[in-house]
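A.B. asks: Submitted below is the structure of interest, expressed as structure tokens.
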Amino acid sequence: MERRWFYYPISMATCPCGHLGSLQRQCRCTPGAVHHYRSRISGPLLDRIDIHVDLAPLADHQMLDRRRGESSAAVRERVCRARTLQQQRFAGTRVRCNADMDGQMMDSFCQLGQDTRGMLRFAITELNLSARAYDRILRVARTLADLAGEANIGALQVQEAIQYRSLDRQMW
Ligand SMILES: [Zn+2]
């Protein structure tokens with residue numbers, strides 16, 4: 001079984017000055033400098049990271065906003081439910097979660113409808129994604145379906161999983 005390294009969040013600035021994507025400050029980096037900065041992370045390394053998320057710095061009024069999002073308890077409950085689903089799915093095997101599925105399990109549990117498959121194939125070509133990124137997208141989409149309580153992976157989950165390849169999209 002493939003040994004997996006990154007169960008951990010890692011972070012990097014969006015550009016050398018750190019302001020790219022910020023609404024408050026203007027990035028002064030040239031496109032070439034941004035590309036050079038980001039290309040220091042190799043494709044094979046990015047391929048091993050399941051989820052890429054861009055976070056823009058918060059403005060002062062956003063930090064002071066006291067309205068609450070979904071509670072951590074509610075999120076926890078949903079995650080626990082998805083984890084239980086995965087334990088049931090892989091009962092009797094050494095696999096514990098979607099991230100560790102082997103090829104045969106992926107064939108069984110990551111089936112896509114014809115339209116969704118076509119959309120994913122299009123995205124892979126357009127974004128020039130690697131076979132490994134394709135694999136990551138399917139695993140993440142399976143988990144998103146589990147979180148949503150869906151038996152099958154739908155187009156929505158695949159689209160969301162593709163969104164999480166943002167560094168692939170920007171770099172390659
Ligand atoms: Zn910058």
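A.B. asks: So for the pair residue 23, residue 117, with labels modelled 7 Å out along Cα→Cβ, what separation do we get in nm?
C.D. replies: Spacing of the two 7 Å Cα→Cβ label points: 4.2 nm.
A.B. asks: Okay, moving on. Given R₀ = 30 Å, what would the calculated FRET efficiency be for residue 63 paired with residue 163, taking r from the Cβ atoms and rounding to 0.05?
C.D. replies: On the way: r = 25 Å, r/R0 = 0.83.
Once rounded, the FRET efficiency stands at 0.75.
A.B. asks: Right, here's the next one. Non-local amide H neighbours of residue 165 (under 5 Å, H modeled in plane, Pro and chain starts lacking H): which ones?
C.D. replies: It is 52, by chain and number.
A.B. asks: Let me ask something else about it. Expressed in nm to one decimal, what extension gain is obtained for the pair residue 54 and residue 155 from 0.36 nm per residue of sequence separation less their Cα-Cα distance?
C.D. replies: Gain on stretching residue 54 to residue 155: 34.2 nm.
A.B. asks: At most 15 other Cβ atoms within 10 Å and a DSSP loop assignment: could you name the GluC sites (Glu not before Pro) in the stretch 51-139 that fit?
C.D. replies: In loop regions of the stretch 51-139 (DSSP not H, G, I, E or B), the sparsely surrounded GluC sites (Glu not before Pro) are 70.
A.B. asks: Right, next: Leaving out ligands, DNA and RNA, and with a 1.4 Å probe, what % of the accessible surface on the chain is carbon or sulfur?
C.D. replies: 52 percent
A.B. asks: According to the square roots a ≥ b ≥ c of the eigenvalues of the Cα gyration tensor, what is the shape class of the stretch 66-171, taking rounded for a/c under 1.5, prolate for a/b larger than b/c otherwise, and oblate for the remainder?
C.D. replies: Note, shape of the stretch 66-171 comes out oblate.
A.B. asks: With a point put 7 Å past each Cα toward its Cβ, work out how far residue 42 is from residue 126 in nm, to one decimal.
C.D. replies: Label at residue 42, label at residue 126, 3.0 nm between them.
The values are calculated or read from the model by the stated rules, or taken from the named source; none is laboratory data. Keep in mind that what you see is a predicted model, and the values were worked out from it rather than measured. We place every Cβ from the backbone using ideal geometry, glycine too, and count neighbours over all the protein chains shown. Side chains included, ligands, DNA and RNA excluded: accessible areas come from the protein's heavy atoms. Shrake-Rupley method; radii C 1.70, N 1.55, O 1.52, S 1.80 Å.
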